[in-house]
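Bear in mind that the values in this text are calculations on the coordinates, not laboratory data. These numbers were taken from a predicted model, which means no experiment stands behind them. FYI the Cβ positions are ideal-geometry reconstructions off the backbone, even for glycines, and counts take in every protein chain you see.
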Amino acid sequence: MDNIIQGISAFRGEVFPHQKGVYEHLGRNGQQPKALVISCADSRVVPEQITQVGPGELFVCRNAGNIVPPIATVTGGVSAAIEYAVMALGVRDIVVCGHSDCGAMKGLLQPGALDRMPNVAAWLRHSHAAHTIVCEAYPDTLDDKQRHHALAMENVVVQLNNLRTHPSVAAGLATGQLTLHGWFFEIETGQLYAFDGQAAKFVALQDGVAIPVAQTSAPRRVAADLTPLAAE
């Protein structure tokens, strides 16, 4: 707590005075973030630091395992954050960000470690599909680190699929107002990987190169060519 108190003091005395205008603007006009980031609650993964953005630029929802429960499964804080970000704030991009050395993913690989944490175990059921994919589709020759990386990356893709079950997201994609992104942050190297939806793989971000996206939306109506049935 001493470090936290010192940090608060430094913010008030050294940081805030230089950003006073920014905070006054945000206080008067409200927030207008353009992106929602759903990331892990891991203390080493800080979306604002990774992206180097300022106050008011990101709407962030953090939880164990960067999980997005399917809409029909549970109504809770993640679902509310998604709905609010899309419907009230009008974000145009949603990012699901996983990371290396994720404790939640370790829990999936070592379920016995969760015997005394029933709430964590129940929460991680939303990642069971990723675990099954790694067990069934990846070779047994992977070492522990490779298996963990694979699981964390597959989990990002699974959560993107869950994200599409949310009505506000489905509508945003159908009206061309949303773009979905899947990221993986490698803590030990600082490297960020992005999921390329067309190539179906993660690629390392490079300076000066456009970031791949998981799904770019475009206005669509699959039944647009239907003509009204003639009145009988």
Legend entry - Number of positions in the stretch 193-219 that are in a loop (DSSP other than H, G, I, E, B), farther than 17 Å from N162 by Cα and in contact with a strand residue (DSSP E or B) (Cβ under 7 Å, 6 or more places away or on another chain): 3
Inset, instruction - Output the number of residues of the stretch 92-134 satisfying the condition of being within 27 Å of A171 (Cβ to Cβ) and either within 14 Å of the chain's Cα centre (by Cα) or not aliphatic (A, V, I, L, M) (or both). - result: 11
Inset, instruction - Filter the stretch 96-126 for residues that are in contact with a strand residue (DSSP E or B) (Cβ under 7 Å, 6 or more places away or on another chain) and of a type in the set (V, I, T) and give the result. - result: V96
Inset, instruction - Confirm whether V222 is loosely packed, with under 13 Cβ neighbours inside 10 Å and either of a type outside the set (G, A, S) or farther than 22 Å from M87 by Cβ (or both). - result: yes
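Residues are listed down the side, and each one gets a yes or a no for (1) closer than 30 Å to A223 by Cα; (2) surrounded by fewer than 15 Cβ atoms within 10 Å (Cβ to Cβ); (3) free of Cβ contacts under 8 Å to residues at least 12 places away in the same chain:
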{"site": "S100", "(1), (2), (3)": "no, no, no"}
{"site": "T141", "(1), (2), (3)": "no, yes, yes"}
{"site": "N155", "(1), (2), (3)": "no, no, no"}
{"site": "H166", "(1), (2), (3)": "yes, no, no"}
Legend entry - Matching option when the condition is in contact with a Leu (Cβ under 9 Å, 6 or more places away or on another chain) and in a loop (DSSP other than H, G, I, E, B), among V68, V134, V120: V68
Inset, instruction - Would you mind telling me which numbered condition in (1) surrounded by 13 or more Cβ atoms within 10 Å (Cβ to Cβ); (2) farther than 17 Å from S127 by Cα; (3) of a type outside the set (A, V, I, L, M, F, W, C) P70 fails? - result: (2)
Legend entry - In the stretch 168-189, the residues that are over 21 Å from I67 (Cβ atoms) and either loosely packed, with under 14 Cβ neighbours inside 10 Å or small (G, A, S) (or both): A171, A174, T175, G176, E188, T189
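Let's see how each residue does on (1) within 25 Å of G197 (Cβ to Cβ); (2) exposed (fewer than 14 other Cβ atoms within 10 Å of the Cβ); (3) touching a Cys at 6+ places or on another chain (Cβ under 6 Å); (4) of a type in the set (A, V, I, L, M, F, W, C):
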site: G54; (1), (2), (3), (4): no, yes, no, no
site: G76; (1), (2), (3), (4): no, yes, no, no
site: I82; (1), (2), (3), (4): yes, no, no, yes
site: A113; (1), (2), (3), (4): no, no, no, yes
Legend entry - Residue among V15, V53, V22, V60 that alone is without any contact (Cβ under 8 Å) to a residue 12 or more places away in the chain and not in a loop (DSSP other than H, G, I, E, B): V15
Legend entry - Answer from H131, H126, H149 - the residue that is surrounded by 15 or more Cβ atoms within 10 Å (Cβ to Cβ) and under 24 Å from P212 (Cα atoms): H149
Inset, instruction - Answer yes if at least one residue in the stretch 84-91 is out of contact with any helix residue (DSSP H, G or I) (no Cβ under 6 Å at 6 or more places or on another chain), free of Cβ contacts under 8 Å to residues at least 24 places away in the same chain, surrounded by fewer than 15 Cβ atoms within 10 Å (Cβ to Cβ) and farther than 22 Å from T175 by Cα, and no otherwise. - result: no
